[in-house]
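Where a number appears in this text, it was derived from the coordinates with a stated rule and is not lab data. Quick caveat: nothing in here was measured; it's all calculated off a predicted structure. In this analysis, Cβ positions are derived from the backbone assuming ideal geometry, glycine residues included, and neighbour counts consider all displayed protein chains.
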Amino acid sequence: MRTTSDKLSTSQFLLSAQNLVVGSISWAVFALLFFLLFSVPQEAKAGLPLWYSIGTLIFELAAFSIAGLLCFRNWRSNQIVSGRNVWLAIGIGMIAYFLGSVMFGLWELYWQLEPDVSLGDLFYAVTYVALTVGMVLAVSSRKLNLEPWQWGVLLGIAVFGVAFAVWLSSPADLFSFPGTESAPATAEVAATAAETAVDTNAPPFIVAIDDFLKPFSNYVSLFYVVMDVVLLILATALLLAFWGGRFSQSWRMIAAATFSLYIADMWFKYAETRVMDYQSGSLLEVFWVFSGVLFGIGAVLEYDISTRSRSRGRRRGGGGGD
């Protein structure tokens, strides 16, 4: 019969930093393979199958839910060097993103609605605010004594982010990449939607909420673009602030997670406004999964180095006091 200490040792082994990092990387690789193999419909005009959309959602939900739990583990630990409130804010952002994806999945996959805005966007908004708070707290805990070239990099990223946001927010017919077609005019979209509307199994109150939220789509879209630029700048500042420090590995992962979130968001914004008949689930949306995975890995590395450094400190202190 296994004793309590045996069970505790097994649990500690399963939740070791190495196992968690390997498991997270494996999940990202499986997600990439899934997107690569099935993101393109077999027939030219065929839509993506329901099972594929459910699969992409599962990859995303698992990544962000586990990342949220790992961030909350950091928040509960008194040994975290970068500050518990930092990880509380990031953890709230991860769980809010998980809930937002659940709501978006219900809207699109279960109730067969085409949500410009859904209740999921309320949770997504909480994610961006929480991540901004957490990253500001992390940056403010360190003095940004940057070299001139580092300030130049930060300024360049800010200019790029703002310029790209302005371009995305411009009318689709002003700019377009070769081989893409701009989205049809609003009136034409409405007429086409009316002709091709499909029955929905959504209850009347969900349909009413969906109709109520649609007029806010432009404001919600603008909010996402602005917050993505803010997070991009903060991620760059984090990368420069923690560069070469003892805890640089974890914050490099957090910065990479933010960059991945930016890539996926910007692609979705571009495709939604400039690619005709776009259906969510394309290859670049795998960066949403990468984002959740990288946030989780960052939390694991921060917890591991914080607990190990504090343990060594206690042993040295104990030895000196004998």
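When the Cα positions of N85, L119, L70 are compared along the charge dipole of region 43-152, N85 comes out farthest toward the positive end, with charges on each C-beta of Lys, Arg, Asp and Glu.
The Cβ shell under 15 Å around L131 holds other residues with a net charge of -2, Lys and Arg each +1, Asp and Glu each -1. Stretched out straight at 0.36 nm per residue, the stretch from V102 to L37 would grow longer than its current Cα-Cα span by 21.0 nm. Per-residue 3J(HN,Hα) values for region 149-163, derived from phi via the Karplus relation 6.51 cos²θ - 1.76 cosθ + 1.60 with θ = phi - 60°, read 5, 5, 5, x, 4, 4, 5, x, 5, 5, 5, 4, x, 5, 5 Hz in sequence order (x marks Gly and Pro). Shown is the FRET efficiency for V226 and Q249, computed with R0 = 30 Å from the Cβ-Cβ distance and rounded to the nearest 0.05: 0.50. Across region 273-285, rounded Karplus estimates of 3J(HN,Hα) from the backbone phi angles (6.51 cos²θ - 1.76 cosθ + 1.60, θ = phi - 60°) give 9, 10, 10, 5, 6, 5, 10, 4, x, 6, 4, 5, 6 Hz, Gly and Pro being marked x. Database remark: amide H of L48 closer than 5 angstrom to no amide H (H placed geometrically; neighbours at sequence offset of 5 or more, or on other chains; Pro and chain starts carry no H). Classify region 208-309 from the C-alpha gyration tensor, please: rounded if a/c falls under 1.5, else prolate or oblate depending on whether a/b exceeds b/c. Prolate is the answer for region 208-309, as a/c is 1.5 or above and a/b outweighs b/c. Computed from backbone phi, the HN-Hα couplings of region 17-31 come to 4, 4, 5, 5, 5, 4, x, 5, 5, 4, 4, 5, 5, 4, 4 Hz, rounded to whole numbers (Karplus: 6.51 cos²θ - 1.76 cosθ + 1.60, θ = phi - 60°; Gly and Pro given as x).
Determine, from the Cβ-Cβ distance of N85 and T307 and an R0 of 30 Å, the FRET efficiency 1/(1 + (r/R0)^6), rounded to the nearest 0.05.
0.95
Legend: calculated FRET efficiency, V207 to L48, from the Cβ-Cβ distance at R0 = 30 Å, rounded to 0.05, equals 0.80. Fully extending the segment from S140 to S16 would add 41.7 nm, taking 0.36 nm per residue of separation and subtracting the current Cα-Cα distance.
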